[in-house]
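Input: a single structure, listed below in structure tokens.
The values are calculated or read from the model by the stated rules, or taken from the named source; none is laboratory data. Given the structure is predicted, the values throughout are model-derived calculations rather than measurements. Virtual Cβ from ideal backbone geometry, glycine too; neighbours counted across all protein chains shown.
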């Protein structure tokens, strides 16, 4: 197990995965996707809980990034800003809900995310607070 996963524990690492999406709101729209993808790739083979949360987070980040790009390409400039702000507000809610579930040790699959990466059916069950080492 990597030093980062070991020092944080599985639940805190999953919380970190969900928090990493917020960089899309503050830095650049693609930043949350890049950081979430790096964190997921780093921890996915170590614990199944990290793999499940990581897949869900990457699906959400990729969905909202693609929607942001599509909204940015909208030819109706007078509605573009309102759509971007609304999309970012919805994304903030998705991040906070996923963060809350991860902090409790549960799994939440975002209903707004396209399934780019398969999240297994067993992912919908609550996961234990700690997994055996």
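Please find, within region 42-53, the residue that is surrounded by the most Cβ atoms within 10 Å (Cβ to Cβ) out of those that are part of a helix (DSSP H, G or I) and in contact (Cβ under 8 Å) with a residue 40 or more places away in the chain.
So, considering only residues that are part of a helix (DSSP H, G or I) and in contact (Cβ under 8 Å) with a residue 40 or more places away in the chain, the one surrounded by the most Cβ atoms within 10 Å (Cβ to Cβ) is 53.
Looking only at region 9-41, residues that are touching a residue at least 40 places away in the same chain (Cβ under 8 Å), touching a helix residue (DSSP H, G or I) at 6+ places or on another chain (Cβ under 7 Å) and over 17 Å from residue 98 (Cβ atoms) come to 1 in all.
Going by what's in this entry, would residue 70 be described as under 24 Å from residue 111 (Cβ atoms), in a helix (DSSP H, G or I), without any contact (Cβ under 8 Å) to a residue 24 or more places away in the chain and out of contact with any helix residue (DSSP H, G or I) (no Cβ under 9 Å at 6 or more places or on another chain)? For residue 70, the condition - under 24 Å from residue 111 (Cβ atoms), in a helix (DSSP H, G or I), without any contact (Cβ under 8 Å) to a residue 24 or more places away in the chain and out of contact with any helix residue (DSSP H, G or I) (no Cβ under 9 Å at 6 or more places or on another chain) - is met.
Conditions (1) at pLDDT below 85; (2) crowded, with 18+ Cβ neighbours inside 10 Å, marked per residue:
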site: 58; (1), (2): no, yes
site: 63; (1), (2): no, yes
site: 72; (1), (2): no, no
site: 95; (1), (2): no, yes
site: 98; (1), (2): no, yes
site: 104; (1), (2): no, no
site: 113; (1), (2): no, yes
site: 117; (1), (2): no, no
site: 132; (1), (2): yes, no
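Among the residues here, residue 14 does not qualify as surrounded by fewer than 18 Cβ atoms within 10 Å (Cβ to Cβ) and either at pLDDT 90 or above or within 10 Å of the chain's Cα centre (by Cα) (or both).
Reported count of residues in region 14-41, each being under 25 Å from residue 104 (Cβ atoms) and outside any helix (DSSP H, G or I), is 2.
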